[in-house]
Each structure stands twice: as C-alpha cells, then as structure tokens.
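S.K.: Below are the structure tokens for one structure; questions will follow.
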C-alpha cells in the first residue's frame with residue numbers, strides 16, 4: 001500500500017513538472033517571438049493587425065498598378081515558406097531581407113495598407129522600419145575620420161537594391177552635389193560629402209537602407225571613377241561585412257532559440273524516463 005502511494009506521488013510530480021516546463025517554454029516563446037529591439041535599446045511587441053479588408057477578385061489587378069514604392073516591415077506568425085512569398089509576389093511585394101522577430105523587409109506599392117494585403121499568408125503586423133536602425137555602429141555620432149575642416153561630413157549612403165540609380169541620384173542631389181559615381185559591383189552604394197545637418201534628413205528617406213561613414217579622402221565628382229584609396233575601400237567593405245555579420249548573428253539567435261527549446265523538451269523526457277524507471281524498480285522490490 002505504501003509503495004503504491006509512493007508511485008502515485010512520483011507520477012503526480014513528474015506530470016506536474018513536465019506540464020510546468022512545457023507551459024513555461026510556450027509562454028517564453030509567445031512573449032519573445034514577436035518582440036523587436038531597436039538600435040537604441042527600445043523593446044516593443046507590436047499588436048496584431050487585420051489584413052485583406054479591401055481585397056476582392058476585382059480589386060487585385062488595380063492594386064498592382066502603382067509605380068511608386070515604399071519599404072516596410074511585414075511580420076508573420078511563423079517563418080513563411082516559398083508559397084507565401086510567391087503569393088505576395090502576385091500582389092507586387094518583393095522580399096528584400098530578414099529583420100528578425102519573424103519579420104522581413106518588403107518593397108511594395110506606396111499606396112498599400114494592411115487592408116490591401118492578403119489575409120491567407122500568415123501575416124501578423126505591418127509597420128515602418130525604425131529610423132534609428134538605419135545608422136551603422138556610430139549612430140548619430142560622426143567619427144573623426146569622416147569630419148572635414150569646412151564642417152562637412154563624408155557620408156556613405158546605401159540604397160535598397162530595388163531602387164534605380166536615377167532615383168538614388170535624385171535623392172542625393174536634394175542634399176548635396178558632391179557624390180561619387182556608383183560602382184558596377186555595388187550600384188546601390190554612394191559616397192557623399194554633405195552638411196552634418198543633412199544626415200538626419202537623408203536617413204529618413206524611404207529608399208535609403210542604411211548610412212555610414214567612409215575614409216579620409218574627398219570623393220570624385222559624379223561621372224568619374226572611384227578614388228583608388230586602400231583605406232577607403234577597406235572601410236567600405238568593412239561596412240558591408242558588418243551587414244553580413246548582423247545577418248549571421250540573427251540566424252545564430254534563431255538557432256540558439258531552437259536549441260534551447262530542444263534542450264527543455266529533452267530534459268522533460270529525461271525526467272519522465274527516470275521516474276518510470278524508479279516506479280518499475282519500486283514495483284520489483
């Protein structure tokens with residue numbers, strides 16, 4: 001009789017512990033899965049939105065006619081597959097990069113709202129890309145090597161890959177006439193010399209993906225080749241490498257999260273197995 005009570009107590013503890021671990025893991029996943037952390041440290045979790053309110057069979061074609069485009073974040077309930085991306089392509093959306101927290105940067109017609117996007121691809125939220133996330137490592141603090149004696153700044157401007165060269169030049173010329181010719185290898189990258197007060201305006205341009213700073217020599221005039229400057233070239237590639245490293249870190253964070261979930265599940269199974277062995281041995285005794 002005493003042994004049976006012990007067995008029941010052990011079974012109860014095992015089931016309670018397993019349920020607690022699973023519930024805790026689910027709660028952690030739900031609370032952290034859709035949370036963003038900005039460059040400045042701000043943490044926020046956007047509320048889910050309704051999609052597809054404006055869509056019907058007749059409106060789909062008219063929505064694709066706009067030529068002006070914008071870049072926004074689209075967050076999914078789960079990481080989407082090729083089928084979801086292909087369906088969004090039919091609506092004129094193009095995925096550009098992964099932004100973490102189940103979200104991607106998309107290029108889309110400028111007049112689109114959440115009501116114009118399909119509700120059958122697992123979309124959770126749609127929102128603007130935080131401006132502070134467009135600054136590279138130095139943020140708003142201009143490094144010494146990018147400051148010029150006349151008060152101007154050597155600013156590197158990165159455009160999204162779907163922005164045409166002419167559109168990029170039109171944006172740059174709003175703030176300066178001193179900028180480099182685009183490289184065939186990197187047509188989305190420009191070196192500029194502009195007033196420091198323009199930095200906060202340039203970074204707010206929708207077509208601008210990121211801004212950074214480059215070496216110490218003046219840029220050539222538009223229409224000429226790049227200056228053969230090893231320091232500048234090395235620093236340019238350092239900027240690009242950092243973008244790749246950030247993508248790798250994002251992928252590593254996803255893998256770490258999956259490994260922690262697997263570890264928690266494995267621990268739960270192990271506890272249950274040991275408990276069952278203990279019960280079996282107790283019955284033998």
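The values are calculated or read from the model by the stated rules, or taken from the named source; none is laboratory data. The structure presented is a predicted model; accordingly, all values stated were derived computationally and were not measured. Neighbour counts run over all protein chains shown; Cβ positions are idealised from the backbone, glycine included.
S.K.: Could you count how many residues in the stretch 109-132 are surrounded by fewer than 17 Cβ atoms within 10 Å (Cβ to Cβ) and outside any loop (DSSP other than H, G, I, E, B)?
M.R.: 4
S.K.: Taking the stretch 133-153 as the region of interest, how many residues are surrounded by 10 or more Cβ atoms within 10 Å (Cβ to Cβ) and either assigned to a loop (DSSP other than H, G, I, E, B) or in contact (Cβ under 8 Å) with a residue 60 or more places away in the chain (or both)?
M.R.: Of the residues in that region, 14 qualify.
S.K.: Please specify each residue of the stretch 106-132 satisfying the condition of being farther than 19 Å from residue 202 by Cα and in contact (Cβ under 8 Å) with a residue 60 or more places away in the chain.
M.R.: Once the filter is applied, which keeps residues that are farther than 19 Å from residue 202 by Cα and in contact (Cβ under 8 Å) with a residue 60 or more places away in the chain, the stretch 106-132 yields 114, 115, 116, 117, 118, 119, 120, 123, 124, 125, 126, 127.
S.K.: Of 34, 39, 77, which residue is over 19 Å from residue 117 (Cβ atoms) and at pLDDT 55 or above?
M.R.: Residue meeting the stated conditions: 39.
S.K.: Criterion first (out of contact with any helix residue (DSSP H, G or I) (no Cβ under 9 Å at 6 or more places or on another chain) and farther than 25 Å from residue 210 by Cα) does residue 115 satisfy it?
M.R.: Yes: the conditions hold for residue 115.
S.K.: Quick check on my filter: what residues within the stretch 154-168 are in contact (Cβ under 8 Å) with a residue 24 or more places away in the chain and either under 24 Å from the mean Cα position of the chain (by Cα) or closer than 27 Å to residue 70 by Cβ (or both)?
M.R.: The answer is 155, 156, 157, 158, 159, 160, 161, 162, 163, 167, 168.
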